[in-house]
1. Somewhere in region 100-111, is a residue more than 19 Å from residue 4 (Cβ to Cβ), without any contact (Cβ under 8 Å) to a residue 12 or more places away in the chain and either touching a helix residue (DSSP H, G or I) at 6+ places or on another chain (Cβ under 7 Å) or part of a strand (DSSP E or B) (or both)?
2. Of the residues that sit in region 58-77 and are outside any helix (DSSP H, G or I) and in contact (Cβ under 8 Å) with a residue 12 or more places away in the chain, which one is surrounded by the most Cβ atoms within 10 Å (Cβ to Cβ)?
3. Return only the number of the condition from (1) more than 23 Å from residue 140 (Cβ to Cβ); (2) surrounded by fewer than 15 Cβ atoms within 10 Å (Cβ to Cβ); (3) within 19 Å of the chain's Cα centre (by Cα) that residue 19 does not satisfy.
4. If the Cβ limit is 8 Å and pairs must be 6+ apart or interchain, which residue in region 167-189 that is at positive phi pairs with which residue that is crowded, with 17+ Cβ neighbours inside 10 Å and part of a loop (DSSP other than H, G, I, E, B)?
5. Of all residues in region 34-54, which are over 10 Å from the mean Cα position of the chain (by Cα) and free of Cβ contacts under 8 Å to residues at least 60 places away in the same chain?
6. In region 155-176, which residues are closer than 25 Å to residue 138 by Cβ, in a loop (DSSP other than H, G, I, E, B) and more than 16 Å from the chain's Cα centre (by Cα)?
7. Please indicate, with yes or no, whether at least one residue in region 114-125 is touching a helix residue (DSSP H, G or I) at 6+ places or on another chain (Cβ under 9 Å), buried (at least 17 other Cβ atoms within 10 Å of the Cβ) and assigned to a loop (DSSP other than H, G, I, E, B).
């Protein structure tokens, strides 16, 4: 039986991926993103689902401490979890980071989130080069209607895309389903 560890198991996407992996006969260990207690178990798949959108707003209008904290949560915390869990990886393991759908295009209001995810995006290129026995991938699920959007709604019009996110949450815009996200994950494996 294949072994998966999902760090950030409290996120909607991570929870749904965990359920689908279990249905496909994976043994899944879920771990909250903000924990210092990581499991010491062998793994074939490590999903790092750290993420927060806040602070939301224009770069110079977001509080410095909150901005740096968000970069750390989105970029450095997953790498620290990876370092901790690395010795337990099995041969030909896969590491999957999760990032928002529009990382390739400019997006106002989310500079801290984007900076943190950019760290992962660039580093996985290096990690794939340095550790060819392990696959490092970025899962871009697309726009999924999850609870993370509440952070944008709470920001109000500081979020450049407030109206669009309101439409997403209200079901007015078509979004990616959790089954589609799982298919994208399976394609990465």
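The values are calculated or read from the model by the stated rules, or taken from the named source; none is laboratory data. Everything numeric in this text was worked out from a predicted model, so none of it was measured. We place every Cβ from the backbone using ideal geometry, glycine too, and count neighbours over all the protein chains shown.
1. No: region 100-111 contains no residue that is more than 19 Å from residue 4 (Cβ to Cβ), without any contact (Cβ under 8 Å) to a residue 12 or more places away in the chain and either touching a helix residue (DSSP H, G or I) at 6+ places or on another chain (Cβ under 7 Å) or part of a strand (DSSP E or B) (or both).
2. Looking at residues that are outside any helix (DSSP H, G or I) and in contact (Cβ under 8 Å) with a residue 12 or more places away in the chain, I get 62.
3. Condition (1) is where residue 19 drops out.
4. Within 8 Å, the pairs are 171/145.
5. 34, 35, 36, 37, 38, 39, 40, 41, 42, 43, 44, 46
6. Within region 155-176, 159, 160, 161, 173, 174, 175 qualify.
7. no
Residue by residue, here is whether (1) touching a strand residue (DSSP E or B) at 6+ places or on another chain (Cβ under 8 Å); (2) at pLDDT below 95; (3) farther than 21 Å from residue 182 by Cα holds:
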{"position": "83", "(1), (2), (3)": "no, no, yes"}
{"position": "87", "(1), (2), (3)": "no, no, yes"}
{"position": "94", "(1), (2), (3)": "yes, no, no"}
{"position": "101", "(1), (2), (3)": "no, yes, no"}
{"position": "106", "(1), (2), (3)": "no, yes, yes"}
{"position": "116", "(1), (2), (3)": "no, no, yes"}
{"position": "132", "(1), (2), (3)": "no, no, yes"}
{"position": "135", "(1), (2), (3)": "yes, no, no"}
